[in-house]
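What follows is calculated from the coordinates using simple rules that are stated; it is not laboratory data. This one's a predicted model, so the numbers in the text were calculated from it and none came from an experiment.
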């Protein structure tokens with residue numbers, strides 16, 4: 001509980017302006033809340049479906065995770081609570097009000113789509129070696145983040 005007094009307008013503004021805070025013990029990074037992209041903050045959280053809000057946050061986590069990878073690594077997802085295994089991410093989407101879907105290939109190179117209800121969402125982001133025949137690692141997070149403007 002806080003002793004801070006806020007006007008109704010400030011309460012609504014705080015609801016419309018989500019924050020993201022990540023603290024990593026292995027860096028001296030600034031621990032201030034990240035300024036989120038305008039595409040994520042322009043629409044109040046209360047007016048977003050659970051699927052849209054989960055999708056937007058996952059895109060930002062994927063983008064941030066990829067920014068830490070070297071040229072020999074690509075991002076993949078491991079899914080908790082099932083036998084889905086690991087998926088090299090090639091795409092992501094959502095279906096209002098409560099479904100998030102992931103597209104890619106599994107460890108055997110088999111085309112895979114995972115459809116997940118937001119209440120069951122549990123994802124582990126992993127760094128895997130870049131596929132040898134690719135000149136550059138695939139960076140899906142930056143393409144997904146660019147697409148938030150059209151969401």
| field | Span from the the range 36-69 Cα centroid across to the the range 92-113 one, whole angstrom | value | 17
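Report, to one decimal in Å, the Kirkwood hydrodynamic radius for the range 94-151 based on all distinct Cα pairs.
Working: mean 1/r = 0.0727 Å⁻¹.
One over the average 1/r among Cα pairs gives 13.8 Å for the range 94-151.
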| What number, in percent, do you get for the relative contact order of the range 64-130 if the mean sequence gap of Cα pairs under 8 Å and at least 6 apart is divided by its residue count? | 36
| query | One-quarter of the Cα convex hull surface for the range 44-150, in nm²? | reply | 7.0
